[in-house]
2 protein chains.
Amino acid sequence: MGSVSTQVTLAKERDNATFDPNLMDLFINGEAWVNTRNKILDVVRKQPEIFDMSDIYFLNREGEVEKLLKQEKRVAELIQQKKLTDDDAMAITYIQDASGPYRLHRGMFMPTLERQATDEQKKAFLEKARNYEIIGCYAQTEMGHGSNVRGLETTATYIQETDEFEVDSPTLTSTKWWIGGLGVAATHACVMAQLIIKNKNYGVYPIVVPIRSTVDHKPLPGVSVGDHGPKMGFNGVDNGFVNFDKVRVPRFNLLQRYITVDNQGNVTIPSDVDPRVTYSTMVYVRSNIVNIMGKELSKAVTIAVRYTSVRRQFGDDPNKSENPVLDYPIVQYRLIPLVAKTYMMLGMSHEFYANYERCRMAIEKNNDFSLLKEMHAVSCGLKKWCSDTTVYGIDTCRHVCGGHGFSLFSGLNTAFANLYPNIIWEGDNFVLAQQTARYILKVAENSMNSSPIESDDPTSQIFKKFKYDLPKRKISNNKLWNSEITPQTVVSNEQLLLNILAYKVAHQAYTLATKINVDKQSWNDSLVAVQILSTVYSEYMLCHYFYKHLGKLSQFNKPESDKLASPLSTLMKIGALGFLLRNTGELYDLPEETRISNHKIIDGLETEYLNLIKSARKIAVPLVDALGIPDEKLNSSLGRYDGNVYEDYMTRALSEPLNREKMGDELREQIFKRYIEPVTKYAKL
Amino acid sequence: MGSVSTQVTLAKERDNATFDPNLMDLFINGEAWVNTRNKILDVVRKQPEIFDMSDIYFLNREGEVEKLLKQEKRVAELIQQKKLTDDDAMAITYIQDASGPYRLHRGMFMPTLERQATDEQKKAFLEKARNYEIIGCYAQTEMGHGSNVRGLETTATYIQETDEFEVDSPTLTSTKWWIGGLGVAATHACVMAQLIIKNKNYGVYPIVVPIRSTVDHKPLPGVSVGDHGPKMGFNGVDNGFVNFDKVRVPRFNLLQRYITVDNQGNVTIPSDVDPRVTYSTMVYVRSNIVNIMGKELSKAVTIAVRYTSVRRQFGDDPNKSENPVLDYPIVQYRLIPLVAKTYMMLGMSHEFYANYERCRMAIEKNNDFSLLKEMHAVSCGLKKWCSDTTVYGIDTCRHVCGGHGFSLFSGLNTAFANLYPNIIWEGDNFVLAQQTARYILKVAENSMNSSPIESDDPTSQIFKKFKYDLPKRKISNNKLWNSEITPQTVVSNEQLLLNILAYKVAHQAYTLATKINVDKQSWNDSLVAVQILSTVYSEYMLCHYFYKHLGKLSQFNKPESDKLASPLSTLMKIGALGFLLRNTGELYDLPEETRISNHKIIDGLETEYLNLIKSARKIAVPLVDALGIPDEKLNSSLGRYDGNVYEDYMTRALSEPLNREKMGDELREQIFKRYIEPVTKYAKL
């Protein structure tokens, strides 16, 4: 049986490139990110004794926390020396593919102070936090209370005699839980508590509570604090619990940007505060998840595409090498659409984030909240869609890698496990879909009521284009397309694909709105339709924003821009067609006059879809190369840039503790003496 | 805010039982299994110092292997003392929810000797293996070779001079890999190697190779062996690698039941050997996976149903307790169908296994292989369906548990990780679907060719009932149902539901067969249809066998049997309707004359589906209680029988090594001194 080296195979795949991967990297990731990535790689590669992650697969919880804290120490030093910014520190988390105990110090503690502390409080807390003099965490979730923030049980009661707040956990279920940074590291917690003043409950507000001594790091009196144990992933972060037994803190510690309490217990709400600001924080956090998901799926598709290109299995000629696994259509069918979705998420995020920034500036500069509702709806929908796609996309990548995907050395298992919480935190995905759907339905209803659509945001545009004709009880614009419709015309025209996706959104929204408003179907009985509506809407938005970003290709000169445009257009078509064919019932459900809801067209679209996938397979390796994921982040035998899969795999296996010289020898000797020999000896008696 | 204890809530849920959970347990699990379970629980509970698994979540690889070997030692002793059987040992693996290093000794090494060794060889190897004098493993997979057994590179070359075989690993990729029991424990390997005699390759055969000394357990000369490192799950098993550098073994060690080699190198194949016997081994292994999956999903649905019954979130009245999460339709919609599928898998497996036994007896007693093809097709299809359903069902259970599902203490993460390989090993699920589809297509084609269908196996029955009318180019029996069809008539009649599911299989099979045979569509271009065909077929088979098992309810007296029948019928309807609505495109695709492929019916079926789910929610806790999963297997704070969720959760958290007295104190002190203090101190300078 012949055999071709994996390195040679991968090099040959690279010869198929029809575009410059570096230029593609620049376009799809953006120059700013490429620069940050290079800066971080420089830091990380200079100190492998601190930042090398290859041993992470052998560590237990304690080992992971310790390893990550060692890295956090170095990062904090570099920040103190002004060599790194906070954003850089976040980027290190991404490159290293592991979060550490200070993630929430940077990601939640400091931003909360930034937004909710007065200037005086910023001086007292935020400046110290920035300088790592204190380490903070954000303590909101409780053991018995998650999404329903109003249901939190922890109290902060004003004690006028001493001008203090008494922070208390009245029950077991009120124990703060899941708090990143709290288990081992934090000195301070920003505690969300029911604010009680003179027996009146003002609702939930943040209050800064010191929890560990800054001298010896021992828990302060009344504070029971600890790590809450091992998790599916994310084990470098010390998620922990804390329970307060009537802990007193100065009144000053209540963050007073949005509420003011004086020493008589008088409460005032500043006049310049719009409650929707809190709302915009959620949009911010979800937008960040949306932005990071494409970067994370990039890792998984890089590993899976490279490995299935070099992994061989079966073949027609026993005298030749077996076939690369990626040559099998069933593997392409599972993997190539994920490459497409990765590109679409990356491209979309530039435009989506720009929109978020526009929205934020309008609020900050002009107190103009008009863009917020749309941003909120889209961020909920895309947070769900992107996190689902990434988490389960990683799972698919693991599965196409076959048995070796199951080894930690694949790099895919830690990625899956660490990213998994994104489908739950910051709003569970099933709950978020409902929020998105409510907004879509409202816009749809407005359009049905014939009120003129004035806004030019993307959602309104859908319902303007496909307006409901109330007397006729259907979408008035039935000229969705003018020419004869065939699978080929659909696929050759991105704008037409976008229109069909938008039409699907409008059709489903009108149908559901009618059921709810006319047939009086309850929201609970609408749950399936609600989830689907959020999905088709998010699919449309992804395509919309990605297509918009393709317009930016003109920043490059010809013919380079054309060389990039062609594969990007293929990827967009694969994405969009995949959405149309995800559940063909949705297409059959469209009105007959759309001329798309019939077997022949749907069958034809399926054929086109497979053809596009086949054509993208040829450039799959250059496409993942262009995602620019360094070997450091891959941390994978299967996905290495040089294709040196099996040698690397064996090297890693040999460093398994059970095999190591001395340590492994002693372990195995002990195991044999204790457990194996007694049994085999007895048997011989 | 009021609050109800979780224990009280769970007890109240149990009051809703309309049937006796113990009787249901007996029916759905079968008396034999209930007895085995009790026997095993007795063993396990008597020696908690060996068998208690509550600390498993804190152990690293080495710790897990050692813990499991300690249990293996005790199990081996009990087997040596004839107090446990090999089957009992397998059942312990299930109850403990963890596999140990001897799993493959029992599951593959001994069965291979059983089937492929001569009597003399059995005396030499099998008897010692049974008595745990030697510990074996089954070494087939290589680093570079999985599914394609013919592509294995390891050789066993006959050396006539010394009457030995020389076992050799010629390349890195020929290193045996993924071999359970090999990493640390095994003394012997049953190696699958290319048999080469006088320069002729006879294909792959098993040969027993001693790999470690039975005296000091050190690797024997020429053998490089070790553990191949950490995995996503299954870490109590020492999957390992071995590389042979021209290792000599006596000719005797080649298992010679199916091939005989004499000392002149003459090869003979015994005349009584039918090559299909090997084929039947695969059917056996896959049938075992099919049988275990329902038992495994039982654990996950038990945890999720109990926890979502006591977990509260949001509510209309701030003065009352929040609502149990399971009261939300979107949670029911995700969870209740999984309870239905669990029951269906359990019920199906009794009938399916009985069929397998019939097939095996026919082969063994009468050399009659007529039942094997059907068994092979169904076992491939159900292996895929059941393992997909269980693995991703566990994932859904984890997700409905919200954040706490992410904690290892939920019990769901280890279950997911340990069971994950079932979608890959013993035939990757995507490959198996193709095998199933090929068989269905063959039966369909026979029926299209108007050859009379003689067999009465379930597949033939589908195509007999829905025979293709060649001249009319459609299914001849268009009276799928006689009466007026409404969503209500469909749901009220299990037989009708079965018929629709069978019709879907026939319709899809005929359509695909026509595309392949008439339109000359290639197999590669048929891949989507092939996967779907295998799925709808497996869904039908699941329902068919489950419905058959419901006939066995008559073993109980009335009214007990009726009390069991009612919820079981509801569960079957939920399962069947879920299959019909999985992708409504499949229903729309049916011919118009079936009178089911239209919006009104499909909409109506969706409503019925939601209603059935709602009605099953009331008895969800008794339904999972009846699955009979002991707290030992759950090993879960969230799923405990007594509902004492949060206290247990806190107790487990406190035993996290980072929190433990002394050990944790020292660890945290060290972490503070090394990594935290230097940073905060510097900041203060």
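The values are calculated or read from the model by the stated rules, or taken from the named source; none is laboratory data. If you're wondering where the values come from, they're calculated on a predicted model, not measured in any experiment. For neighbour counting, all protein chains shown are included, and Cβ atoms are generated from backbone atoms with ideal geometry for every residue, glycine included.
Would you mind stating whether residue A:286 is of a type in the set (D, E, K, R), within 12 Å of chain B (Cβ to nearest Cβ) and assigned to a helix (DSSP H, G or I)?
no
Tell me, please, whether a residue that is among the hydrophobic types (A, V, I, L, M, F, W, C) and in a helix (DSSP H, G or I) can be found in region A:313-320.
Kept after step one, since they are among the hydrophobic types (A, V, I, L, M, F, W, C), are these residues of region A:313-320: A:314.
Add one more test, that the residue is in a helix (DSSP H, G or I), and what stays is none.
Checked region A:313-320: no residue is among the hydrophobic types (A, V, I, L, M, F, W, C) and in a helix (DSSP H, G or I).
Identify the single condition in (1) buried (at least 19 other Cβ atoms within 10 Å of the Cβ); (2) touching an Asp or Glu at 6+ places or on another chain (Cβ under 9 Å); (3) more than 14 Å from chain B (Cβ to nearest Cβ) that residue A:635 does not satisfy, given that it satisfies every other one.
The one condition residue A:635 does not meet is (3).
Would you confirm whether or not region B:642-659 contains a residue that is among the basic types (Lys, Arg) and outside any helix (DSSP H, G or I)?
The answer is no; no qualifying residue exists.
Restricting attention to region B:397-413, does a residue exist that is modelled with pLDDT of 95 or more and under 17 Å from residue B:579 (Cβ atoms)?
no
Looking at (1) within 29 Å of the chain's Cα centre (by Cα); (2) of a type in the set (Gly, Ala, Ser); (3) buried (at least 18 other Cβ atoms within 10 Å of the Cβ), find the lone condition where residue A:653 falls short.
(1)
Among A:233, A:222, A:203, which is the only one that is touching a residue at least 24 places away in the same chain (Cβ under 8 Å) and facing chain B (nearest Cβ under 10 Å)?
A:233
Of B:553, B:542, which residue is part of a helix (DSSP H, G or I) and surrounded by 21 or more Cβ atoms within 10 Å (Cβ to Cβ)?
Exactly one residue qualifies, and that residue is B:542.
Any idea which of (1) assigned to a helix (DSSP H, G or I); (2) among the aliphatic types (A, V, I, L, M); (3) modelled with pLDDT under 95 is the one residue A:273 doesn't satisfy?
Looking at each condition in turn, residue A:273 falls short on (1).
Among B:442, B:472, which is the only one that is within 30 Å of residue A:402 (Cα to Cα), among the charged types (D, E, K, R) and either away from chain A (no Cβ under 14 Å) or assigned to a loop (DSSP other than H, G, I, E, B) (or both)? Outline the logic, then answer.
Working: B:472 fails: within 30 Å of residue A:402 (Cα to Cα).
Result of the check over B:442, B:472: B:442.
With the requirement that a residue be without any contact (Cβ under 8 Å) to a residue 40 or more places away in the chain and under 14 Å from residue B:254 (Cα atoms), what does region B:124-163 give you?
B:126
Given (1) aromatic (Phe, Trp, Tyr); (2) within 14 Å of chain A (Cβ to nearest Cβ); (3) farther than 26 Å from residue A:6 by Cα, identify the lone condition not met by residue B:178.
Going through the list (1) aromatic (Phe, Trp, Tyr); (2) within 14 Å of chain A (Cβ to nearest Cβ); (3) farther than 26 Å from residue A:6 by Cα, residue B:178 breaks only (3).
Any residue at all in region B:337-354 that is in contact with a Ser or Thr (Cβ under 9 Å, 6 or more places away or on another chain), touching a residue at least 40 places away in the same chain (Cβ under 8 Å), of a type in the set (Lys, Arg) and buried (at least 23 other Cβ atoms within 10 Å of the Cβ)?
Yes, region B:337-354 contains at least one residue that is in contact with a Ser or Thr (Cβ under 9 Å, 6 or more places away or on another chain), touching a residue at least 40 places away in the same chain (Cβ under 8 Å), of a type in the set (Lys, Arg) and buried (at least 23 other Cβ atoms within 10 Å of the Cβ).
For region A:556-605, which residues satisfy the criterion of being free of Cβ contacts under 8 Å to residues at least 24 places away in the same chain, away from every other protein chain (no Cβ under 11 Å) and either assigned to a helix (DSSP H, G or I) or of a type in the set (Val, Ile, Thr) (or both)?
Once the filter is applied, which keeps residues that are free of Cβ contacts under 8 Å to residues at least 24 places away in the same chain, away from every other protein chain (no Cβ under 11 Å) and either assigned to a helix (DSSP H, G or I) or of a type in the set (Val, Ile, Thr) (or both), region A:556-605 yields A:561, A:562, A:565, A:592, A:600.
Please enumerate the residues belonging to region B:305-323 that are in contact (Cβ under 8 Å) with a residue 12 or more places away in the chain and surrounded by fewer than 21 Cβ atoms within 10 Å (Cβ to Cβ).
Listed by number, the residues that qualify are B:318, B:319, B:320, B:321.
For residues in region B:34-77 being among the aliphatic types (A, V, I, L, M) and within 19 Å of residue B:628 (Cβ to Cβ), which is surrounded by the most Cβ atoms within 10 Å (Cβ to Cβ)? Quick ask: steps written out before the conclusion?
If we filter region B:34-77 for residues that are among the aliphatic types (A, V, I, L, M), which is where we start, we get B:34, B:40-41, B:43-44, B:50, B:53, B:56, B:59, B:65, B:68-69, B:75-76.
From the residues that got through so far, the ones that are within 19 Å of residue B:628 (Cβ to Cβ) too are B:34, B:40-41, B:43-44, B:53.
Numbers: B:34: 16, B:40: 24, B:41: 18, B:43: 19, B:44: 21, B:53: 20.
Of everything passing the filter in region B:34-77, B:40 is surrounded by the most Cβ atoms within 10 Å (Cβ to Cβ).
With B:157, B:112 as the choices, which residue is out of contact with any Ser or Thr (no Cβ under 9 Å at 6 or more places or on another chain) and hydroxyl-bearing (Ser, Thr, Tyr)?
Only one candidate passes the filter, namely B:157.
Taking region A:66-85 as the search range and keeping residues that are of a type outside the set (A, V, I, L, M) and not in a helix (DSSP H, G or I), which one is farthest from the chain's Cα centre (by Cα)?
A:81
Could you check, for region A:476-488, whether at least one of its residues is hydrophobic (A, V, I, L, M, F, W, C) and buried (at least 21 other Cβ atoms within 10 Å of the Cβ)?
In the first step, residues of region A:476-488 are kept if they are hydrophobic (A, V, I, L, M, F, W, C); the result is A:480-481, A:485.
Still in the list and also buried (at least 21 other Cβ atoms within 10 Å of the Cβ): none.
The answer is no; no qualifying residue exists.
Restrict the check to region B:380-394 and report whether at least one residue is surrounded by fewer than 24 Cβ atoms within 10 Å (Cβ to Cβ) and modelled with pLDDT under 95.
The answer is no, given that none of the residues of region B:380-394 is surrounded by fewer than 24 Cβ atoms within 10 Å (Cβ to Cβ) and modelled with pLDDT under 95.
Quick test for you: out of A:428, A:525, pick the one residue that is within 14 Å of another protein chain (Cβ to nearest Cβ), in contact (Cβ under 8 Å) with a residue 40 or more places away in the chain and of a type in the set (Asp, Glu).
A:428
So which residues in region B:181-206 are assigned to a loop (DSSP other than H, G, I, E, B), more than 27 Å from the chain's Cα centre (by Cα) and among the β-branched types (Val, Ile, Thr)?
Within region B:181-206, just B:187 meets the criteria.
Which residue out of A:610, A:654, A:658 is in contact with a helix residue (DSSP H, G or I) (Cβ under 7 Å, 6 or more places away or on another chain), at the interface with chain B (Cβ under 8 Å from one of its Cβ atoms) and more than 30 Å from residue A:346 (Cα to Cα)? Steps first, answer last, please.
On the way: A:610 fails: more than 30 Å from residue A:346 (Cα to Cα); A:654 fails: in contact with a helix residue (DSSP H, G or I) (Cβ under 7 Å, 6 or more places away or on another chain).
Every option except A:658 fails the conditions.
Please find, among A:504, A:515, A:520, the residue that is on the phi > 0 side of the Ramachandran plot and within 14 Å of chain B (Cβ to nearest Cβ).
A:520
What do you reckon, is residue A:82 out of contact with any helix residue (DSSP H, G or I) (no Cβ under 9 Å at 6 or more places or on another chain) and either exposed (fewer than 15 other Cβ atoms within 10 Å of the Cβ) or closer than 30 Å to residue A:660 by Cα (or both)? Don't jump to the end; show me each part of the working.
Working: out of contact with any helix residue (DSSP H, G or I) (no Cβ under 9 Å at 6 or more places or on another chain): yes; either exposed (fewer than 15 other Cβ atoms within 10 Å of the Cβ) or closer than 30 Å to residue A:660 by Cα (or both): yes.
Yes, satisfied.
Would you be able to say whether some residue in region B:614-632 is modelled with pLDDT of 95 or more and within 7 Å of another protein chain (Cβ to nearest Cβ)?
no
Which residue, of A:19, A:51, is in contact with a Leu (Cβ under 6 Å, 6 or more places away or on another chain) and either under 16 Å from residue A:99 (Cβ atoms) or away from every other protein chain (no Cβ under 13 Å) (or both)? Quick ask: steps written out before the conclusion?
Numbers: A:51 fails: in contact with a Leu (Cβ under 6 Å, 6 or more places away or on another chain).
From the options A:19, A:51, the qualifying one is A:19.
Considering only residues that are more than 7 Å from every other protein chain (Cβ to nearest Cβ) and assigned to a helix (DSSP H, G or I), look in region A:661-672 and name the one that is farthest from residue B:215 (Cα to Cα).
A:663
Exactly one of (1) more than 28 Å from residue A:300 (Cβ to Cβ); (2) within 14 Å of another protein chain (Cβ to nearest Cβ); (3) touching a residue at least 60 places away in the same chain (Cβ under 8 Å) is unmet by residue A:67. Its number?
Among (1) more than 28 Å from residue A:300 (Cβ to Cβ); (2) within 14 Å of another protein chain (Cβ to nearest Cβ); (3) touching a residue at least 60 places away in the same chain (Cβ under 8 Å), the lone unmet condition for residue A:67 is (1).
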